[in-house]
Each structure stands twice: as C-alpha cells, then as structure tokens.
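Take a look at the structure below.
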Amino acid sequence: MDFNDSDAEATYRAAARRWLDTNIAEHDAGHYPDDMTKAKAWQARKAAGGYACITWPQEWGGGGGTPIESVIFGQEEAKHAVDGSYFTIGLGMCVPTVMAYADDATKRRFVGPAVRGDEIWSQLFSEPAGGSDVAAIRTRAVRDGDDWVINGQKVWTSGAHYSDYGIVLVRTNPDVPKHQGLTMFWLDLKAPESRSGRSTRCRAGRASTKSGSRTSGYLTHNASARSTAAGRSRCSR
C-alpha cells in the first residue's frame, strides 16, 4: 500500500501548511484571558478558513472536503501547540447526531455555533449504578402533556462544567426489555436551573425532544426538570 500523498493531496497539504504557518503566528500573537478563550479563538479561525470539520457539508459550516483532507490537516495541525480538546466530544459525537436526526431548524440553531466554537457540548450517559452499561440506565423521562419531566443522576460527564449544551440518554419506557425504551434529549446546561461544575451536583436540566446524540462523562448531573418540546423548562426541585 502506498501511503505517499497523491499530487492532489500534496497540493492540499502544502496549502494547509501555508495556512497554518500564517494563522498560528497571528493566533499566538493574540492576548487571551484563559485557555478556553484561546481555544475558541483558534476554532473560530479554523472555521473561517474552512478547516474546521473539514468533511462536514459547507451549508452547515463545514469544509465540504474529503476524509483524507481531514487527516492531512490533522497531521499538519498536530505539529503546532493548539488545543482543540474542548470541542472533541461535541464535534465528534453530539453534533454529528444532531445533523443526522434533527430537523433543519434545530440544525441551523446548533451546528454552526458548534463548528465555530461558540458553543460546547458534552454527553451524559453513565450513571452511578450502571457505569458505562447503557442498558442499566435508570434516569427517567415521563411525558406530562407537552412536557417531559426528567429525574435521575448522571456521572463522569466530561466537560459539563464548561459546556453549553448536553445530550442525555434516559429511559422513557420501563416496560420493555432494558436495551429498548431509551430516548435522547438535549439539555441547556447554562440554564439557571442547571448548575454544572467539577464534582458538584446539578439539580435540574432542560430537555427537548427535537434532537439526539451520544454520551459519556466526568461529573455528576442530577436532573429534575419539566420541559416542553421547544426546550423551555419549569424546574421541579
């Protein structure tokens, strides 16, 4: 197997290298109050240059490129000290599922801001009694008119203390086999009733039925919220 670049790939690599040399220098010359701000600035710069989410459609803020172009850019970017770890879960798992299953209005609302680094996502799967055993999920969502009421606990939710939104997997039908009856909601982790932080407990979350994604985690999240399909919630503490 030949792992050398084709002519087209070599051309792309050279262009990516030139772009990185110029933009890394400009980025490093900036002044940032913290690592998060610096990482968001770099993500926004990549998005503007068409190098954020290279394989995603351009209509949703991606680069419209090929998988090998994404690999090439990743190889070149890895030679520089830039941090994209804040966006890995959201852009790697959460937002791609929103793109696959959400309606266009939801995609217009969430995909672009995530690509640009304006908003960060985390995923809530694991629970104290089940760890990473998804079939053991006990967190419940019960429909109440146009609302869903979510009660339960999530742990190990990596990045939830700085995330804007989260995807949560809950049990909506306890009367079917444990690998069935599961539904995903998105939560507004910045809502007043949803308080996230390292090793702290969140007493409420906001849920919406409009999109889904995947989850895993680091910190504890207790959700007890009443939510409408539009994502508005009334907390039941």
**Residue within region 114-129 that is of a type outside the set (Ser, Thr, Tyr), crowded, with 20+ Cβ neighbours inside 10 Å and in a helix (DSSP H, G or I) present** = yes
**Prompt:** Could you say whether any residue in region 33-43 is open to solvent by 40 Å² or more (accessible area, probe 1.4 Å), under 16 Å from residue 86 (Cα atoms), assigned to a helix (DSSP H, G or I) and of a type in the set (Lys, Arg)?
**Reply:** yes
**Request:** Mind telling me which of the residues 220, 200 ends up being farther than 24 Å from residue 103 by Cβ, out of contact with any Phe, Trp or Tyr (no Cβ under 7 Å at 6 or more places or on another chain), crowded, with 20+ Cβ neighbours inside 10 Å and at pLDDT below 50?
**Result:** 220
**Cβ-Cβ under 8 Å pairs, at least 6 apart or on other chains, region 51-69 side closer than 19 Å to residue 84 by Cβ and open to solvent by 60 Å² or more (accessible area, probe 1.4 Å), far side assigned to a helix (DSSP H, G or I) and among the hydroxyl-bearing types (Ser, Thr, Tyr)** = 55/70
**Prompt:** When the residues of region 78-104 are filtered to those that are assigned to a helix (DSSP H, G or I) and without any contact (Cβ under 8 Å) to a residue 60 or more places away in the chain, which remaining residue is surrounded by the most Cβ atoms within 10 Å (Cβ to Cβ)?
**Reply:** 87
**Message:** Name the residue that is surrounded by the fewest Cβ atoms within 10 Å (Cβ to Cβ), counting only residues in region 1-32 that are in a loop (DSSP other than H, G, I, E, B) and aliphatic (A, V, I, L, M).
**Reply:** 1
**Request:** Just give me the residues in region 172-196 being in a strand (DSSP E or B) and modelled with pLDDT under 90, in sequence order.
**Result:** 185, 186, 187, 188
**Fill in**
Those residues of region 137-171 that are open to solvent by 30 Å² or more (accessible area, probe 1.4 Å), over 23 Å from residue 96 (Cα atoms) and not in a strand (DSSP E or B) come to a total of 3
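The values are calculated or read from the model by the stated rules, or taken from the named source; none is laboratory data. Owing to the predicted nature of the structure, the values given are computational and were not obtained by experimental measurement. Cβ: placed from backbone, ideal geometry, glycine included. Neighbour counts: every protein chain shown. Ligands, DNA and RNA are excluded from the accessible area calculation, which covers all protein heavy atoms including side chains. Shrake-Rupley method; radii C 1.70, N 1.55, O 1.52, S 1.80 Å.
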